[in-house]
Amino acid sequence: MNNKLHQTSNRFWILGILAIIWNLVGVFAYLGQTFMSDEILKTLSKSEQNYFITIPAWVTAAFATAVFAGLFGSICLLFKKKIALFLFLISFVALVLQHNYNIFIQEHMEIGGAQLILPFTTTLIGVLLVWYTYKMGKKNILI
């Protein structure tokens with residue numbers, strides 16, 4: 001076996017660690033939303049309260065799937081496992097489903113302008129993680 005097979009650059013490790021941090025932020029956002037206390041909910045505007053009270057279970061499931069599949073994908077990427085690509089793909093599909101609800105379906109909060117920055121950023125990062133992992137697989141970095 002060629003010694004250069006499976007060698008990685010510092011960039012690989014940096015991007016892998018950043019991916020874990022990024023997805024941990026998502027996990028904490030999910031946990032914060034899912035376990036939001038009534039006291040915190042009452043501090044929000046009426047439209048935000050209505051939004052959080054009426055989120056369908058499938059949207060919550062999509063959120064959980066997106067962040068946990070992304071986190072596990074990031075961990076697998078650092079362990080150089082091919083399954084990372086599959087996990088990032090699952091995460092991306094779940095992310096698109098969640099954003100579809102938040103932008104086009106829910107009727108409690110108006111989404112536009114600056115509020116589209118987070119959905120755009122998370123979608124872009126999701127695409128980049130899928131692309132980078134695919135690229136690492138093609139370079140035989142992932143086993």
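The values are calculated or read from the model by the stated rules, or taken from the named source; none is laboratory data. Fair warning: this is a prediction, and the values are worked out from it, not measured in the lab. Every residue, glycine as well, gets a Cβ built from its backbone with ideal geometry; the counts of neighbours run over all protein chains shown.
Under the condition of being of a type in the set (A, V, I, L, M, F, W, C) and outside any helix (DSSP H, G or I), which residue from the range 12-41 is surrounded by the most Cβ atoms within 10 Å (Cβ to Cβ)? Steps first, answer last, please.
First, pick out the residues of the range 12-41 that are of a type in the set (A, V, I, L, M, F, W, C): 12-15, 17-22, 24-25, 27-29, 31, 35-36, 40-41.
Now drop any that are not outside any helix (DSSP H, G or I), which leaves 35-36.
Numbers: 35: 8, 36: 12.
Top of the filtered list is 36.
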Tally, over the range 58-109, of residues that are under 30 Å from residue 47 (Cα atoms) and either of a type in the set (S, T, N, Q) or in contact with a His (Cβ under 7 Å, 6 or more places away or on another chain) (or both): 7
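Taking the stated definitions as given, is residue 79 surrounded by fewer than 13 Cβ atoms within 10 Å (Cβ to Cβ), under 20 Å from the mean Cα position of the chain (by Cα) and modelled with pLDDT of 95 or more?
yes
Which residue, of 53, 83, is of a type outside the set (Asp, Glu), free of Cβ contacts under 8 Å to residues at least 24 places away in the same chain and farther than 19 Å from residue 128 by Cβ?
Numbers: 83 fails: farther than 19 Å from residue 128 by Cβ.
Only one candidate qualifies: 53.
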Hits in the range 48-60 - residues which are closer than 13 Å to residue 102 by Cβ and not β-branched (Val, Ile, Thr): 48, 51, 52, 56, 58
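For (1) assigned to a helix (DSSP H, G or I); (2) of a type in the set (Asp, Glu); (3) surrounded by 15 or more Cβ atoms within 10 Å (Cβ to Cβ); (4) over 10 Å from the mean Cα position of the chain (by Cα), each residue gets a yes or a no:
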{"position": "44", "(1), (2), (3), (4)": "no, no, no, yes"}
{"position": "68", "(1), (2), (3), (4)": "yes, no, yes, no"}
{"position": "75", "(1), (2), (3), (4)": "yes, no, yes, yes"}
{"position": "85", "(1), (2), (3), (4)": "yes, no, yes, yes"}
{"position": "88", "(1), (2), (3), (4)": "yes, no, yes, no"}
Which numbered condition residue 143 misses (of (1) free of Cβ contacts under 8 Å to residues at least 60 places away in the same chain; (2) in a loop (DSSP other than H, G, I, E, B)): (1)
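Would a scan of the range 114-127 turn up a residue that is touching a helix residue (DSSP H, G or I) at 6+ places or on another chain (Cβ under 8 Å), crowded, with 18+ Cβ neighbours inside 10 Å, not in a loop (DSSP other than H, G, I, E, B) and not polar (S, T, N, Q)? Spell out how you get there, then give the answer.
So in the range 114-127, the residues touching a helix residue (DSSP H, G or I) at 6+ places or on another chain (Cβ under 8 Å) come out as 116, 119, 122-123, 125-127.
Then keep just the ones that are crowded, with 18+ Cβ neighbours inside 10 Å; that gives 122, 125-126.
From the residues that got through so far, the ones that are not in a loop (DSSP other than H, G, I, E, B) too are 122, 125-126.
The next check asks that each one be not polar (S, T, N, Q); those that pass are 125-126.
The answer is yes; a qualifying residue exists.
Sort through 92, 52, 104 and tell me the only one that's part of a helix (DSSP H, G or I), aromatic (Phe, Trp, Tyr) and crowded, with 17+ Cβ neighbours inside 10 Å. Outline the logic, then answer.
Numbers: 52 fails: crowded, with 17+ Cβ neighbours inside 10 Å; 104 fails: crowded, with 17+ Cβ neighbours inside 10 Å.
That would be 92, the only listed residue that is part of a helix (DSSP H, G or I), aromatic (Phe, Trp, Tyr) and crowded, with 17+ Cβ neighbours inside 10 Å.
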